[in-house]
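Visitor: So that we are looking at the same thing, I have put the structure below in structure tokens.
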Amino acid sequence: MKKIFQLFCIIILLISCLSCEKKEVPTVKTVKAIFNDNEISIEATGKIVSYGGADVLSYGICMNQSNNPTIADTKVEYNGVGVSSFTGKFSDLEINATYYVRAYAVNSEGTGYGEVLEIKTSIKALVTTKEASAVGLDSATLNGSVNPNNLLSEVWIEYGETTSYGSKVIIANFNGSAEIPVKVKLTSLAAGKVYYFVVKVKNELGEISGSQMSFETYGLKDIDGNLYHTVVINGRVWTKENLKTTHFNDGTSILNKTANADWSAVTGTAEPAYCYYDNNEANKNVFGVLYNWYAASNQNIAPVGWHVPTADELEELIFYLGGQYVAGGKMKTTGTSIWESPNTDATNSSGFSAIPAGVRGDRLDNQLGAFGDLYTDAAFWSCSEYNSSGRFMFVSYNTAFVQTRMLVSKSYGHSLRLIKDQ
């Protein structure tokens, strides 16, 4: 009987031991870690695979920059039980640095860790191409900025007359995390040409380009230093802006007639004269200068190698652009910011860029030398005359029609465009 009792106790003890679960540290998996370059943050995900036979007291993600992070390092920690998956987010990190993260969980037996994941806070350099400045006949300054984001970076600017560029200027090697302005002054450029340029950077993350920009060198400078863009139409080179000079090319001043009666009276004196619309010099920058025909027909009004077009040259221009019924639309700048609505059929496809600078002259209501038609009409003198009248070309806001060989008193004030000598 005693032996039976002893055997029974042994069996009970064995069953009890077999039913006891061995306690150990939790089994944890580090699932993933993602770098957010907008926030400069890392978010890692962990998972508790096994509690280890005991309640989990805490869990989370730990991180450092020296590998094998522990709970003694920076961590995101949670308390409690019943959770299998969790995340931890770390912010205010260094740019272009290496971090190590792993998940962990703690129970009464100790701390269990997941796999170590390495992640780099790599951010490409920030590259900006900015507008060119100080553009002249044969020179310009190209501008941009670079933030290397703590990577040693080679910086250069490429430029050329096509989007393939073809020319390169190396600026310097930069480092740090601040925005650094870059610029280069170009000389010996071709006059009257469009150039394209871009700022580029190369570092261990590869090559980065800013946005492409462009500029156009001026094609002409008058004796007063005013600069003009040019355009080629039918093989002839024209200025794209209204003339602004107040001197002939030999340095002689052109008379500035401000009083209406004085302006009208030049018909009897044949004096070359100019004025600003409404006698307001501020209008010069946008609309240029208004000249009477005596100034327009003076061969010294234009720089050497240029001249005011003849009536025949204006006719050739209109014919090339499709004739007088459509050419006006191809010559006018688009939109209604400067032209009065509707600015009919304006496309400026020719690049001539006519603007409504108005006129000055004797009006039908007996106002002598009065200003009018600003924002609605563009009138351009030719150097040709017919009897006592001067010939001019006229473009209006409400039609694509262009009138040529129109006759008007030589005392009228019109705009001037120049054409390059052949």
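The values are calculated or read from the model by the stated rules, or taken from the named source; none is laboratory data. Predicted model, so just to flag it, every value in this text is computed and none were measured. All Cβ positions, even for glycine, are placed from backbone atoms using ideal geometry, and neighbour counts span all protein chains on display.
Visitor: Could you tell me whether residue 296 is of a type in the set (Gly, Ala, Ser) and either touching a helix residue (DSSP H, G or I) at 6+ places or on another chain (Cβ under 8 Å) or buried (at least 22 other Cβ atoms within 10 Å of the Cβ) (or both)?
Guide: yes
Residues checked against (1) at pLDDT 95 or above; (2) not small (Gly, Ala, Ser):
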| residue | (1), (2) |
| --- | --- |
| 183 | yes, yes |
| 206 | no, no |
| 240 | yes, yes |
| 260 | no, yes |
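Visitor: Can you tell which of 76, 83, 127 is in contact (Cβ under 8 Å) with a residue 40 or more places away in the chain and of a type in the set (A, V, I, L, M)?
Guide: None of the other options fit; the residue is 127.
Visitor: Please pick out the residue among 231, 237, 198 that is in the same structural domain as residue 322 (by TED's automatic domain parsing), in contact with a Gly (Cβ under 6 Å, 6 or more places away or on another chain) and assigned to a strand (DSSP E or B).
Guide: 231 is the lone residue from the list that is in the same structural domain as residue 322 (by TED's automatic domain parsing), in contact with a Gly (Cβ under 6 Å, 6 or more places away or on another chain) and assigned to a strand (DSSP E or B).
Visitor: Among the residues of the stretch 261-280 satisfying the criterion of being of a type outside the set (Gly, Ala, Ser) and part of a helix (DSSP H, G or I), which is surrounded by the most Cβ atoms within 10 Å (Cβ to Cβ)?
Guide: Here the answer is 263.
Visitor: While we're on this one: State which residue is nearest to residue 228 (Cα to Cα) when the search covers only the stretch 281-293 and only residues that are surrounded by 15 or more Cβ atoms within 10 Å (Cβ to Cβ) and polar (S, T, N, Q).
Guide: 283
Visitor: Residues 39, 77: which one is among the acidic types (Asp, Glu) and either part of a loop (DSSP other than H, G, I, E, B) or not assigned by TED's automatic domain parsing to the domain that holds residue 104 (or both)?
Guide: Values: 77 fails: either part of a loop (DSSP other than H, G, I, E, B) or not assigned by TED's automatic domain parsing to the domain that holds residue 104 (or both).
Of the residues listed, the single one that is among the acidic types (Asp, Glu) and either part of a loop (DSSP other than H, G, I, E, B) or not assigned by TED's automatic domain parsing to the domain that holds residue 104 (or both) is 39.
Visitor: Restricting attention to the stretch 93-146, which residues are surrounded by 18 or more Cβ atoms within 10 Å (Cβ to Cβ), farther than 30 Å from residue 78 by Cα, modelled with pLDDT of 95 or more and not hydroxyl-bearing (Ser, Thr, Tyr)?
Guide: Result: 127, 132, 135, 140, 142, 143, 144, 146.
Visitor: Could you pull out every one of the strands (runs of 3 or more DSSP E) wholly within the stretch 320-392 that has 3 or more residues that are among the hydroxyl-bearing types (Ser, Thr, Tyr)?
Guide: The strands (runs of 3 or more DSSP E) meeting that bar are 377-386.
Visitor: Turning to a different aspect of this structure: Any idea which residue in the stretch 406-422 is surrounded by the most Cβ atoms within 10 Å (Cβ to Cβ), counting only those that are assigned to a strand (DSSP E or B) and over 42 Å from the mean Cα position of the chain (by Cα)? Write out each step before concluding.
Guide: So in the stretch 406-422, the residues assigned to a strand (DSSP E or B) come out as 406-409, 413-415, 419-420.
From the residues that got through so far, the ones that are over 42 Å from the mean Cα position of the chain (by Cα) too are 406-409.
Values: 406: 14, 407: 13, 408: 18, 409: 15.
Filtering first and then ranking leaves 408.
Visitor: Return the residue satisfying two criteria in turn: it lies in the stretch 109-157 and is charged (D, E, K, R) and under 16 Å from the mean Cα position of the chain (by Cα), and of such residues it is nearest to residue 204 (Cα to Cα). Break it down into steps so the answer makes sense when it comes.
Guide: Let us first name the residues in the stretch 109-157 that are charged (D, E, K, R), namely 109, 115, 118, 120, 124, 130-131, 138, 154.
Restricting the remaining residues to those that are under 16 Å from the mean Cα position of the chain (by Cα) gives 130-131.
Numbers: 130: 24, 131: 28 Å.
The residue in question is 130.
Visitor: Let me confirm something: among 385, 313, 340, which residue is touching a residue at least 40 places away in the same chain (Cβ under 8 Å) and crowded, with 17+ Cβ neighbours inside 10 Å?
Guide: 313
Visitor: Then there is this: Give the residue, chosen from 308, 395, that is surrounded by 16 or more Cβ atoms within 10 Å (Cβ to Cβ), hydrophobic (A, V, I, L, M, F, W, C) and over 20 Å from residue 229 (Cα atoms).
Guide: 395
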